[in-house]
Each structure stands twice: as C-alpha cells, then as structure tokens.
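> Okay, here's the structure, questions in a sec.
Where a number appears in this text, it was derived from the coordinates with a stated rule and is not lab data. Predicted model, so just to flag it, every value in this text is computed and none were measured. Positions of Cβ are backbone-derived with ideal geometry, glycine not excepted, and every protein chain shown enters the neighbour counts.
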Amino acid sequence: MPTEHPSEIAGLTPITPQPGKALYRQVLPGIMQVPADLLLAASRKSSLWPMTFGLACCAIEMIATYMAHYDLDRFGIVPWPSPRQSDVMIVAGTVTKKMAPAVKLLYEQMPNPKWVISMGACATNGGPYTRYDRVLQGVDKIIPVDVYVPGCPPRPEALIDSFLALQDQIMEDRSFEGRGA
C-alpha cells in the first residue's frame, strides 16, 4: 500500500460489481455514454464552414448575413474561401451554363460530408432569366442541393433559417457519412 498519498487508498481498493448496474458506471461514476455518431453530428452542425462565392445580387444579401447585425459566427458558421476546407457550398445567384462546370468542379473539390444551399430564385430555378437558354434552370441539375432559400433576393434572415434547417438535417442524418465520392 502506498503511504505517500493516503487519500488515494480508497480509490485503489478493488470494487465488487453490483448486479444490474453497468461496470463502467461503478468504476467511473459521472461518465455519460453517448453514441459516437451523435457526437460527430453535433460537432459537424456546430462548426459549418461555408464556401462563399457570389454569382449575382444574392451575394450582397449573403455578405450582409456575415456582418455584425446578423453575425453567423454565433452559430459556429465561419466563411471560408477554399473548397478544400469547406463543407457547405452556398450557390448565391444566377448560374449560367458557362459557369456550371466551375461550380461542379468546386463541389467535387470539397471533402465529404458536404452540403449545398441554393440561395435565391436564380440558383433554384433560373428566376427571372428562365426564358434564356444560357441560364441553368436550377443548380440541382449539376449538383445535389440540400436546402433551398426562396426569394429574389432572399433576406439575410432567410439564409440564417436555411442554416438552421441544415443543422437540423445534419442531426437527423447523423449516421449518414455524407455523399459518396
């Protein structure tokens, strides 16, 4: 028996397991057991890094959402300019057929799991430019979209609401590891 620390003697005595109580709860009282997928999903939803690039007037509203009045940082949402470290793509504005390959390439460069927010009428279905053949009739024709933000242009509150909806979706699909490559 160690005599240097007499207060530790009680912790060094062997325990006898009690039936009906988990052994880890007897050895380590106060330890909480949670599924690993719940822990990962909670950390993913609380640290979203959207890749922001503006294609049209919706980008002004997206920029306003990051300013001090709305402050997305309080939700753990930090804008990021590189696709290699981002996990959310915000498509804000009109996607032309000439720009579509670049949008798809940026999406493919993002690591899994990744999510897409289609912001505004132009990104969702072409908006007021639907009659022009140069405009893509929705970004979901080239990449999968998780959340649609309606409006022309949508208000910053609508983008915040879409992030909250995306966070709920991440928690619901917590066992899902993201879209496959």
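> What translational diffusion coefficient, to the nearest whole µm²/s, does the chain have by Stokes-Einstein, given a Kirkwood radius computed over alpha-carbon pairs, a temperature of 4 °C and 1.567 mPa s viscosity?
68 µm²/s
> Using alpha-carbon pairs under 8 Å, 6+ residues apart, how would you state the relative contact order of the chain in percent?
21 percent
> Cut-off 13 Å, label point 7 angstrom out along Cα-to-Cβ of THR96: give me the residues of the stretch 127-155 whose amide nitrogen falls inside.
132-136
> Now for a different question. Arrange LEU136, LEU164, LEU55 by Cβ neighbour counts within 10 Å, fewest through most, would you?
Listed from fewest to most nearby Cβ atoms, that is LEU164, LEU55, LEU136.
> Give the angle, between 0 and 90 degrees and rounded to the nearest 10, that separates the Cα long axis of helix 156-172 from the longest principal axis of the Cα atoms of the chain.
Approximately 50 degrees, to the nearest ten.
> For LEU38 and SER7 in the same chain, what is the full-extension length gain: residue separation times 0.36 nm, less their Cα-Cα distance, in nm?
This chain segment gains 7.4 nm when fully extended.
> If each residue of separation counts as 0.36 nm, what is the full-extension length gain between SER47 and GLU157 once their alpha-carbon separation is subtracted?
37.7 nm
> To the nearest 20 debye, what is the magnitude of the charge dipole of the chain about its Cα centre, counting +1 on the Cβ of each Lys and Arg and -1 on the Cβ of each Asp and Glu?
600 debye
> Please determine, in degrees from 0 to 90 and to the nearest 10, the orientation of helix 36-45 with respect to the longest principal axis defined by the Cα atoms of the chain, where the helix direction is its Cα long axis.
Around 40 degrees separate the two axes.
> If you don't mind, another one. Just how many pairs of Lys in the chain have C-alpha atoms closer than 28 Å, counting pairs that are eight or more places apart or on different chains?
So the count works out to 10.
> Points 7 angstrom from Cα along the Cβ direction at ALA22 and MET171: gap in nanometres?
Here the modelled spin labels are 2.1 nm apart.
> Suppose R0 equals 41 Å; then what is the FRET efficiency for GLN109 and CYS57 from their Cβ-Cβ distance, rounded to the nearest 0.05?
With R0 = 41 Å, the Cβ-Cβ based efficiency is 0.95.
> Taking N as the number of residues in the stretch 87-170, what is its Cα Rg relative to 2.2 N^0.38 Å?
Ratio of Cα Rg to 2.2 N^0.38 Å: 1.05.
> Picking from THR96, ILE143, THR124, whose Cα lies most toward the positive end of the charge dipole for the chain (charges on Cβ: Lys, Arg +1; Asp, Glu -1)?
Result: THR96.
> Continuing with the same structure: Can you give me the C-alpha center-to-center distance between the stretch 72-96 and the stretch 125-142, rounded to a whole angstrom?
21 Å
> Tell me what the chain gives for mean residue ellipticity at 222 nm when only DSSP H runs of n ≥ 4 count, each as -39,500 (n - 2.57), the sum divided by the residue total, rounded to 500 deg cm²/dmol.
-9000 deg cm²/dmol
> Please return the longest stretch of the chain lacking exposed loop sites, where chymotrypsin sites (Phe, Trp or Tyr not before Pro) count only if DSSP places them in a loop and at most 14 other Cβ atoms lie within 10 Å.
It runs 1-131.
> For the chain, which longest stretch is free of loop sites, where a loop site is one of the GluC sites (Glu not before Pro) that DSSP puts outside H, G, I, E and B and that has at most 12 other Cβ atoms within 10 Å?
Of all site-free stretches, the longest is 5-176.
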